[in-house]
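Everything below concerns the one structure shown next.
The values are calculated or read from the model by the stated rules, or taken from the named source; none is laboratory data. Because the structure is predicted, anything quoted here is derived from the model rather than measured. Because the Cβ atoms are built from the backbone with ideal geometry, glycine has one as well, and the counts that use them run over all protein chains shown.
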Amino acid sequence: MTIPTENIGSIPRPPALLKALADHAGGALGDADLAKLQEQAVIDTLSRLEALGAPVLVDGEQSKPSFATYPLAGLTTLDPEGAVIPFADGHTRQLPALTQGPFRYQVHADSYLAAAKRHTTLPVKQAVIAPSALSLLYPAAGIDGYPREQFIADLVDEAEADIRGALDGGAHDVQLDFTEGRLSLKLDPSGGLLDDFVALNNQVLERFSADERSRIGVHTCPGGDQDSTHSADVDYADLLPKLFQLKAGNFYVQLASEADPDRVLAVIAQHLPSDARVFVGVIDPIDPRVETAEEVRDRVLAAARHLPVERLGTCDDCGFSPFADDTSTSRDLAFAKIEARLRGTALAAEALGV
């Protein structure tokens, strides 16, 4: 297959792991027993992706509490009453708020990468949270003795270390999850918050060489949790031109669930940097129906009418279970959709003669 194709990140956890997480939270299961079940879930995820013929593997985020909060695991200087993210179906997710500094990651993504690489010889991708998302931890009222400027400086250092550790650890590529990008335009339609997010992320990305940035990507979507989204009503045309100002070599763009994908593709074609590749979403994780390989093929061919095939890849729109407790999509359904993406991308490559 000469059109690259990758997972975004999360895959639903198996039932045994979901039960273990609940037992661990309630004090009925110890850390070592939970870690053993997480490792088993990682091994199963890698082996199933390899059996499907995935050229690049992910660990499915089986050991992460969520795609956004893994650096905070074990951090004691947090207030649970932080920023609230509302979803279209009425449910919410809430971030914690930092109560004192200095801010330091408690867990870095290279630990997940190392655990996955012990069980496969194939390339492994590593997802990390964008620093812009973690900037929301700082409370509006400030923190005595720890000004926001110092927090941002610490955050930039920590985010750089998170990405660099994964690159140095042998990740095939590193993906920054930037779902808050589209959400920012809902929170602040003027675009000022988005500009701040892009500038902050670029403070980190500019610390990497051009060669390193060719292995760094950014993912955007309108959120995907419990079969709902938080910002699908925000016009992509307002986001994408600024998204493509990020100093990254790859962009992963949710597209399968868009009402007018051709319009979005035209915007991508106009603004995609000349040295970047775009992975277009060809699978909708929220839709309970499994796409056919032919549907995926046709979505890729539609993208190829707007973009040179050598700058094109495919992905799923979002992770299938970005929060560990999201059981809205079954594990088997997720793998069936992944198989459709792999087969459909191969059909498109054949049709395009690449």
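Structure notes:
- Residue among Glu258, Glu291 that alone is without any contact (Cβ under 8 Å) to a residue 24 or more places away in the chain and either surrounded by 15 or more Cβ atoms within 10 Å (Cβ to Cβ) or touching a helix residue (DSSP H, G or I) at 6+ places or on another chain (Cβ under 9 Å) (or both): Glu258
- Selection within the range 162-185 - more than 27 Å from Leu57 (Cβ to Cβ) and surrounded by fewer than 17 Cβ atoms within 10 Å (Cβ to Cβ): none
- Filter pass, Ala324 being in contact with a strand residue (DSSP E or B) (Cβ under 9 Å, 6 or more places away or on another chain), crowded, with 20+ Cβ neighbours inside 10 Å, at pLDDT below 95 and farther than 12 Å from Thr5 by Cα: yes
- Among residues of the range 1-20 being closer than 17 Å to Asp59 by Cα and of a type in the set (A, V, I, L, M, F, W, C), the one that is farthest from the chain's Cα centre (by Cα) is Ala16.
- Filter pass, Ala20 being without any contact (Cβ under 8 Å) to a residue 24 or more places away in the chain and either surrounded by 16 or more Cβ atoms within 10 Å (Cβ to Cβ) or in a loop (DSSP other than H, G, I, E, B) (or both): yes
- All positions within the range 74-107 that are among the aromatic types (Phe, Trp, Tyr) and within 15 Å of Pro139 (Cβ to Cβ): Phe103
- Some residue of the range 77-91 being under 14 Å from the mean Cα position of the chain (by Cα) and either of a type in the set (Phe, Trp, Tyr) or farther than 23 Å from Phe151 by Cα (or both): no
- Looking only at residues in the range 169-212 that are in a helix (DSSP H, G or I) and touching a Lys or Arg at 6+ places or on another chain (Cβ under 6 Å), the one that is farthest from Asp238 (Cα to Cα) is Leu205.
- Every residue from the range 42-59 that is free of Cβ contacts under 8 Å to residues at least 60 places away in the same chain and either buried (at least 23 other Cβ atoms within 10 Å of the Cβ) or at positive phi (or both): Thr45
- Candidate set from the range 259-284 (those that are at pLDDT 95 or above and in a loop (DSSP other than H, G, I, E, B)); member that is nearest to Ile3 (Cα to Cα): Ala276
- Residue within the range 66-86 that is under 28 Å from Gly217 (Cβ atoms), among the small types (Gly, Ala, Ser), surrounded by fewer than 16 Cβ atoms within 10 Å (Cβ to Cβ) and touching an Asp or Glu at 6+ places or on another chain (Cβ under 9 Å) present: no
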